[in-house]
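The values are calculated or read from the model by the stated rules, or taken from the named source; none is laboratory data. The model shown is predicted, which means the values in this text are computed figures rather than measured ones. In this analysis, Cβ positions are derived from the backbone assuming ideal geometry, glycine residues included, and neighbour counts consider all displayed protein chains. Note: areas computed on protein heavy atoms with side chains; ligands, DNA, RNA excluded. Shrake-Rupley method; radii C 1.70, N 1.55, O 1.52, S 1.80 Å.
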Amino acid sequence: MAFDRRNLKILANFCEAAADAMAFTLMRTAHSAFVKETEDFSCQIVTRDGLAFANPRHFGAPWYSGIDYRPLIAMFDHYEEGDIGLTNDPYSGFVATHTPDLHVWKPVFHEGEIACFVVGHIHNTDVGGAVPASLSRALTEIEQEGLRIPPVKLVSAGRLDPFVAAMIRTNVRMPEQNLGDLQAQIASLAIGERKIGEIIRRFGFADFLEGVEAILDYAEAQARRILSTIPDGDYFFADFADEDAPGGRPSRIALTLRIRGDEVELDYTGSDPQLASSLNMPTGGRERHPLVMVGLTYVLFTLDNSLLLNAGTLRPARAVLPEGSVVNCTKPAAVGMRSLTCAMTQIVTVGAFAKALPNLIPAASPGGNAIMNIKTAGRNGRPVMASIGPVGGGGGGTPFGDGGDGAGGATGFLRNTPIEISEAEVPIRFLRYGLEPDTGAPGRHRGGLSAVMEFEIAAPDTVVTARNRNRSILAGWGVAGGEAGCVSHFVRNPGRPDAVELGNTDVVRCGPGDVVRVVGPGAGGWGDPFERPAERVLADVRRGAVSAESAARDYGVVLRDGAVDDAATLALRAGRPVRPARDFAFGAERDAFEAVWTEERFALLTDFLAAAPVDWRYFLKQRVFDRVDAGTDRAASVADEMAAIFASLSAQFRW
């Protein structure tokens, strides 16, 4: 068949509908709330070579739209009808990216020949390991992060391997939940296999294979067309997670975005070395790994939402991922919190594109969506392990309007779990779950409001985990005169004498009567907030999004008796001191940090660490920071100071 655009779109719609059916089946048959409510899963249909050509349009995580299952498919040299492969090991092919993500793949045959594979993953609430929910930034090696299953045939020619189920049952905290979710994955693959069979019968086998390649080619052409509209150039941007380890230094993600015609390179040179915490990303250095390409996919789709999202979208792109860095770690580095670092790669990608396209790209998204999990005792004494939903910030303000409230940016796809479901499954009492006023960064178009969750513990020895805690120190940035976002908060027993601000702590032990309160970090604002129409500020105040104090302080809008005082507002706005022009507002904490840690200093540090063995780099980074903080090596220039520090460390430590 000659695939014109009409026929190609019809085939693409059929394939996307098949992926939708897979996702819907998984969502409706899963056992854990994190899959059936929060929807942290993916389903794809991939070519015989492993490239995704169809994804769900309305369900699950969009991070994996360009995924390449080739390394997993190649783990077995022979497939039969009914086979299902399974793994969750991040270092086996670099497709699974942390241990809770259980990936499955199944060949779809037509008359004895493989037509494609149906694949997918779910995030298990717990896979064993050192802490409930398996993940904490405090973990330092992959062996601490729970059960790891190397690539194995879960099902061979239709027969389930009982050993795999027994291995899961023996090693996880809530085996029935994990095995129930696994059965849902198997059902999802079966639906996908059936739907592909129907498509092949409609189009014919040869035309199906030809059409699949045409879908990938069309997405590539779309992406190239979008990239060709962006001015050629090198665009550098960096951002920081609050900590590279519990109580540690900021963790830097640096990106040089190179646009050349209809191609793009994302060079992460200058990012932190591999860390002694679990923020590392196991990409294997693969130049189109989805974890480092998500931000690019988001930007391209923002610029043209008719873009097909599949592996073809990423063909014009490549990433440079230095080995032994936080974006390309080596075994046995812990990787459980890779999603926090992945969110930062998305944010720096958006930041770099904001330099290339200053009037089209939004301000920073929050970069710290806390996934709340609880391990406690049920009312019948049985253990309970459950996710009760994400708590993040809103979307960054855009050139065209305010950011969305409650969920935005990098992890905006994660859906909230209704508190009725959480209270039915977990013995806690919710005191509040909603939006927190004054958390949207001021701007002509403000950032979206952050979510707030507050609940009371009912049982002894309860462990609360708050995965991906971030932005309690360094705020998300504003653009084009917009302000930086607010920081996040994590408090045990707020308003009481025993109140504790927990910062970025992600594992907290609680007892009966303890109250936990979490407020997500704020997204950045876009444009000068004093240019926001006063009536819009009034509307924000009336609906409780902005306080009257913030209206005057941040927007220059004076309210009296529930209305705008036009004369006072005009006077207040006119009397504001002249502000220096700035493209980005990073917040006071980052400004102070970068007054010392300049681009020049980081460039010198990057070169120094790159010359050291991987297992020395994090240690040496800390020693360099210690020496800079101490100030004993101050010299006439930054280059001389850093050279003295490097020489001293080289003499002290013989690596």
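A simple packing score, the average count of other Cβ atoms within 10 Å per residue, orders the peptides 153-166, 249-262, 381-394 as 381-394, 249-262, 153-166, with the highest score first.
Tell me whether the stretch 316-466 comes out rounded, prolate or oblate; compute the Cα gyration tensor, take square roots of the eigenvalues as a ≥ b ≥ c, and use a/c under 1.5 as the rounded threshold. In terms of gyration-tensor shape, oblate. Checking (i) 39, 29, 29; (ii) 58, 30, 20; (iii) 64, 23, 21 against the coordinates, the calculated semi-axes √(5λ) of the Cα gyration tensor in Å falls under label (i). Sorting 637-649, 212-224, 335-347, 263-275 by average packing, meaning the other beta carbons within 10 Å per residue, from highest down gives 335-347, 263-275, 212-224, 637-649. Note on Lys195: lysines with a C-alpha under 30 Å away, same-chain residues under 8 apart excluded, are Lys9, Lys36, Lys106, Lys153.
Under a model in which nothing but the beta-carbon of Lys, Arg (+1) and Asp, Glu (-1) is charged, the stretch 108-208 shows a dipole of about 160 debye around its Cα centre. Summing Cβ point charges (Lys, Arg +1; Asp, Glu -1) relative to the Cα centre of the stretch 509-590 gives a dipole of roughly 220 debye. Computed from label points 7 Å out along Cα-Cβ, the spacing between Asp498 and Gln652 is 4.2 nm. At an R0 of 22 angstrom, the distance between the Cβ atoms of Ala424 and Leu179 translates into a FRET efficiency of 0.55. Summing +1 for each Lys or Arg and -1 for each Asp or Glu, what net charge is found among the other residues whose Cβ lies under 14 Å from the Cβ of Ala319? Overall, the nearby charge balance is -1. Packing order of peptides 471-480, 304-313, highest average first: 471-480, 304-313 (average count of other Cβ atoms within 10 Å over each peptide's residues). Here the chain has 53 percent of its accessible surface on carbon and sulfur atoms, given a 1.4 Å probe and all protein chains in place.
Summary of the geometry: the stretch 503-581 and the stretch 206-243, compared by the centres of their Cα atoms, lie 37 Å apart. Charges were assigned to the Cβ only: +1 to each Lys and Arg, -1 to each Asp and Glu. The resulting dipole of the chain about its Cα centre is roughly 600 debye. Projecting the Cα positions of Cys486, Gln622, Leu309 onto the charge dipole of the chain (unit charges on Cβ atoms of Lys, Arg, Asp and Glu, taken about the Cα centre) puts Cys486 furthest along the positive direction.
The distance from the alpha carbon centre of the stretch 312-382 to that of the stretch 118-195 is 22 Å, rounded to a whole number. Can you show me the helix-derived [θ] at 222 nm for the chain, built from DSSP H runs with n ≥ 4 at -39,500 (n - 2.57) apiece and divided by the number of residues, rounded to the nearest 500. Value at 222 nm, helices only: -10500 deg cm²/dmol.
With a sphere of radius 11 Å drawn around the Cβ of Leu620, what net charge do the other residues whose Cβ falls strictly inside it have (Lys, Arg +1; Asp, Glu -1)? Its environment carries a net charge of +2.
The trypsin sites (Lys or Arg not before Pro) of the stretch 547-596 meeting both criteria, a DSSP state outside H, G, I, E and B (loop) and at most 13 other C-beta atoms within 10 angstrom of the site's C-beta, are Arg582. Using +1 at the Cβ of each Lys and Arg and -1 at the Cβ of each Asp and Glu in the stretch 419-478, identify which of Leu435, Ser472, Phe455 lies farthest towards the dipole's positive end. Going by the Cα projections, it comes out as Ser472.
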